[in-house]
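Bear in mind that the values in this text are calculations on the coordinates, not laboratory data. All figures in this text were calculated on a predicted structure; none of them were measured in a lab. For neighbour counting, all protein chains shown are included, and Cβ atoms are generated from backbone atoms with ideal geometry for every residue, glycine included.
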Amino acid sequence: MTLEELMNAPAPASGWVLAQDCAETGLDPREIRTEMARRIGEMRASIERGLKTEVKSITGMVGWNAKGLWDAPDVLGAPLLRRVQAYAMAVNEENARMGRIVAAPTAGSAGTIPGALIGVADHLGLSDERLVDPMILAAGVGKAISKRMFISGAAGGCQAEIGSSAAMAAAAVTELLGGPPRACVHAASLALMNTIGLVCDPVGGYVEVPCVSRNAFFAVHAVSAAQLALAQLESFIPPDEVVTAMAQVGRLMPAELRETAEGGLAQTPTGLAVTARMEGRQEAEGAQGMIELPMA
Ligand code: SF4
């Protein structure tokens, strides 16, 4: 499946993805829809848990951001923006606490789709049932991307991981809001095109900084892409060519910027201090059993 084929499929785009999936797997459409509804339920549960707690992650770098934003005054008068950001961070902070999340497509990018899609749905008062087909489309977009490009930070930088999730989310939000297949795929392409070059440089090698806030930013990025596409703005570079360009950039990216924690934010003095502290903690735990060290 290519994005070009998806763009030219009969509406709705999710229906075409579902038909392809059924043909490939032999599953009944109801089975796929039921499973997708279950995953949406898991996404929502991780949002709800994440918005209520301030329990720190294993390193102490994150854990309170989602609740902090959710409880803060809406100073911008932009409730959708705050909701999308808080939902995305809630999921990724759950991930950082080793909680249960739905990888979409990876754990590091798990907050982008629920942040954007469930955030928009809740803002508009739409039921979770309405999200099943857009989520099927998101899966189809992810599959089309993965055929040409890596979807992990280790392989292609954060552009591959967060770029894929933002593209999937952008297509899903576009379909949720009534966009035709062409607009859905252009939303995905716009999201991808404007993520090219993003490196993977997690502090200490933990999926916490910049990952938690990055999901908040890219969930909003996905909603922005949907807004442009729904206004019939399109990606100048054809969607499949954008995917190929991103894959090429990923191949050109040095290993230091592909989840090794050997470059970027991970190599700042603060990033190195976190690494040293966590290494010391691991040694101490190894020698004395589980002990708790305070956050520096
Ligand atoms: S910085 Fe790396 S680990 Fe963090 S979300 Fe991006 S790809 Fe994943």
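Whole-Hz Karplus values for segment 215-220 come out as 5, 4, 5, 7, 5, 5 Hz, taken residue by residue from phi with 6.51 cos²θ - 1.76 cosθ + 1.60 and θ = phi - 60°; glycine and proline positions read x.
Based on Cα contacts under 8 Å between residues 6+ apart, segment 1-122 shows a relative contact order of 21 percent.
Please order Ser127, Ser146 by the number of other Cβ within 10 Å, starting at the fewest.
Values: Ser127 9, Ser146 15.
Placing the least packed residue first, the sequence is Ser127, Ser146.
How big is the charge dipole of segment 3-288 about its Cα centre, in debye rounded to the nearest 20, if each Lys and Arg gets +1 on its Cβ and each Asp and Glu gets -1 on its Cβ?
Values: 23 positive and 31 negative charges, 70 e Å.
The calculated dipole for segment 3-288 is roughly 340 debye.
Per the Cα gyration tensor, segment 178-229 maps to an equivalent ellipsoid with semi-axes of 27, 11, 7 Å, ordered largest to smallest.
Check the chain for me: any Cys whose beta-carbon has no other cysteine beta-carbon within less than 4.7 Å? So far as the 4.7 Å Cβ criterion goes, Cys22, Cys184, Cys211 stand without a partner in the chain. Between segment 185-214 and segment 47-71, the alpha-carbon centres lie 20 Å apart.
In the chain, helical runs assigned H by DSSP with n ≥ 4 each contribute -39500 (n - 2.57); averaged across all residues and rounded to the nearest 500, the mean residue ellipticity at 222 nm is -19500 deg cm²/dmol.
For the chain, a Gaussian network of Cα nodes joined below 10 Å ranks Leu76, Leu126, Leu117 by mean-square fluctuation, and the top entry is Leu76. Could you check which residue among Ala104, Ala187, Ala144 shows the biggest mean-square fluctuation in a GNM of the chain with a 10 Å Cα cutoff? Looking only at Ala104, Ala187, Ala144, the largest GNM fluctuation is found for Ala144.
Shape analysis of segment 86-128 based on the Cα gyration tensor places the equivalent ellipsoid semi-axes at 20, 10, 8 Å, largest first.
Of the peptides 237-243, 83-89, 207-213, 167-173, the ranking by mean beta-carbon count within 10 Å, highest at the top, reads 167-173, 83-89, 207-213, 237-243. Using a Cα-Cα cut-off of under 19 Å, which lysines could be cross-linked to Lys56, ignoring same-chain neighbours fewer than 8 residues away? Lys56 reaches Lys67.
Tell me the relative contact order for the chain as a rounded percent, counting alpha carbon contacts under 8 Å between residues six or more apart.
Working: 558 pairs, mean separation 60.1, N = 296.
Dividing the mean separation by the residue count of the chain yields 20 percent.
Fewest Cβ neighbours within 10 Å first, please rank Met7, Met98 accordingly. Walk me through the numbers on the way to the answer.
On the way: Met7 22, Met98 9.
Arranged by neighbour count, lowest to highest, Met7, Met98 become Met98, Met7.
Equivalent-ellipsoid semi-axes for the chain (Cα gyration tensor, √(5λ), whole Å, largest first): 32, 22, 18. Each residue in Ile32, Ile145, Ile162 was given a count of other beta-carbon atoms within 10 angstrom of its own, and listing them fewest first yields Ile32, Ile145, Ile162.
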